[in-house]
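A quick write-up on the structure given underneath.
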Amino acid sequence: MAADTRAAAAQVIAALLDGRGSLSKLLPQAEARTAERDRPLLRELCYGCARTAPRLQLVADKLLRRPPADKEVSALVLLGLYQLEYTRIPDHAAISATVNAARELEHPHATGLINGVLRNYQRSREQLERKLSGNPQFSSAHPAWLQRRIKTAWGDRAREIFRASNANPPMTLRVNTARVTVADYLARLEQAGIAARPCAVSPVGITLEAPRAVQELPGFEQGLASVQDESAQLAALLLQPGPGERVLDACAAPGGKTCHLLEQQPDLQLSALDIEEERLDRVAENLSRIGASAELICADAAEPDAWWDGQLFDRILLDAPCSATGVIRRNPDIKLLRREADIAELAALQTKILRSLWKLLKPGGTLLYATCSVLPEENAGVVAGFVAATPDARDNTPQQLDGSPWGEPQAAGVQLFPEPGGGDGFYYALLNKTE
């Protein structure tokens, strides 16, 4: 029997509140228990509730005498508030369905509480919004600690970052220009009735006017195009591997950058490394679709003695594990899962991996450090500190791509911010090893 949609959504949100998984893992499991016709609503409820959770939680705190003891009840309150504030579902239907979900989840004792909170919100919505309007967490829809860090780092730009991070992301494609030109692929999309435009920064990117199933994209299964954010497409363009070079793609999953490198130079000696076997399976799937191959290594990038064969690399791409604060619009559960203490721990890990991989790079070689974070502690802070402590490291990040400025130069590297209708927030630093 298919699960009630709101009950399934509440289980996902409760798990997020409890730190028991991510949307990328929890939602597919919930979808499998949900009727196919109800899956779009399930996704909307889960993604929307996660995206607005910092605002919704403040509202819930005002309406509740104390937090519910059960996370599923807390999740149902947030889901009910989300429906009332952000969806076109009639208020009476949203309240009724959310209360019924409490029964479905065997919380009959909470039906009165949920019904009362949601009806109270109906009556006092405008008054609550006035009271909370001066709260930075409410206005930014970001956790207080993250709002504070972004504001401290970027000042007046922070408002734009919050706005872009709270918006629905565009669907962007990377054209395999080894097999078709961007102009030709745009023409194929037009013939298929799919509106699209070239990307502003990436010369191989196309942004769709509206998301489409990949099965609808011409030549997708044949590898003519891949789904990849515009900012992420810049990694291969910055690294610029030469024919036959030995290249390491560290922290490679799910393989978008791996594939792009091989589209540029099919005869690379490329090793794709990731710490999780399951994530390497995604790399293998993506390579197979574009008809390319690479050596796949399941290992820890920070411990090369366990897997490195002793041969130096010409180029290394380090897509470092990070807070992912530049891609919150694609992964809104970051707002619920990430903690402020994580940032210092991530910066320490990033520095450790960078130092470890630097030893694997040939003199005269190039390492591209990349994150999808907008926090300087993980980006320029890590790279500037590394360069200062490493005599043979030089920051040679270009200030222009294809003759045009890109991003915002930092003390080391370049920062990209999430753009409405454009690329995600990314950081890049191109480091050369002196001979």
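Just to verify a number: FRET efficiency for H109 and V214, C-beta to C-beta distance, R0 = 56 Å, to 0.05? Spell out each step's value before the answer.
On the way: r = 45 Å, r/R0 = 0.80.
After rounding to 0.05, the efficiency reads 0.80.
Please calculate how many Å² of accessible area the chain carries per residue, with a 1.4 Å probe and no DNA, RNA or ligand atoms counted.
Working: 19250 Å² over 435 residues.
Computed with neighbouring chains in place, this is 44 Å² per residue.
Mind grabbing the accessible area of I89 for me, 1.4 Å probe, Å², rounded to tens?
40
Based on the Cβ-Cβ distance from S133 to A195, what FRET efficiency comes out when R0 is 45 Å, to the nearest 0.05?
Values: r = 37 Å, r/R0 = 0.83.
Efficiency, rounded to the nearest 0.05: 0.75.
If the cut-off is a Cα-Cα distance under 30 Å, which lysines reach K151, setting aside same-chain residues fewer than 8 apart in sequence?
K62, K131, K335, K352
How much length would be gained if the chain were fully extended between N168 and S288, taking 0.36 nm per residue of separation minus their Cα-Cα distance, in nm to one decimal? Please list the in-between numbers first.
Numbers: separation 120, 0.36 × 120 = 43.20 nm, distance 2.97 nm.
So the extension gain works out to 40.2 nm.
Once every DSSP H run of n ≥ 4 in the chain is given -39500 (n - 2.57) and the sum is divided by its residues, what mean residue ellipticity at 222 nm do you get, rounded to the nearest 500 deg cm²/dmol?
Details: 16 runs with 200 residues, N = 435.
The helix contribution divided over the chain gives -14500 deg cm²/dmol.
Taking a ≥ b ≥ c as the square roots of the eigenvalues of the Cα gyration tensor of the stretch 1-112, is the shape rounded (a/c under 1.5), prolate (a/b larger than b/c) or oblate?
Numbers: a/c = 1.34, a/b = 1.25, b/c = 1.07.
Rounded shape, in that the Cα axes give a/c under 1.5.
What does the charge count near E419 come to, summing +1 for each Lys or Arg and -1 for each Asp or Glu among other residues with Cβ under 11 Å from its Cβ? Spell out each step's value before the answer.
Numbers: positive: R163, R329; negative: E160, D229, E230, D424.
Result for the neighbourhood of E419: -2.
Cα axis of helix 144-154 to longest principal axis of the chain: angle in degrees, 0 to 90, nearest 10?
Taking the Cα atoms of the chain, the angle to 144-154 is about 40 degrees.
Using a 1.4 Å probe on the protein chains only, how many percent of the accessible area of the chain belongs to carbon and sulfur? Each step should come with its number before you reach the end.
Working: 9150 of 19250 Å².
Carbon and sulfur: 48 percent of the exposed surface of the chain.
Can you give me the angle between helix 91-104 and the longest principal axis of the chain, using Cα atoms only, in degrees from 0 to 90, rounded to the nearest 10?
Approximately 80 degrees, to the nearest ten.
Which label belongs to the value computed from this structure, given these candidates for Rg/Rh (Cα atoms, Kirkwood Rh): (1) 1.00; (2) 1.20; (3) 0.96?
Given (1) 1.00; (2) 1.20; (3) 0.96, the calculated one carries the label (1).
Cα centroid distance between the stretch 355-415 and the stretch 30-51, in Å?
One Cα centre to the other: 39 Å.
How do W308, W406 rank by accessible surface area computed with a 1.4 Å probe, from largest to smallest?
Numbers: W308 75, W406 10 Å².
Sorted by accessible area, descending: W308, W406.
The values are calculated or read from the model by the stated rules, or taken from the named source; none is laboratory data. None of the values given here were measured: they were computed from a predicted structure. All Cβ positions, glycine included, derive from the backbone under ideal geometry; neighbour counts span all protein chains shown. For the accessible areas, the whole protein counts, side chains as well, though only heavy atoms, and no ligand, DNA or RNA atoms are used. Shrake-Rupley method; radii C 1.70, N 1.55, O 1.52, S 1.80 Å.
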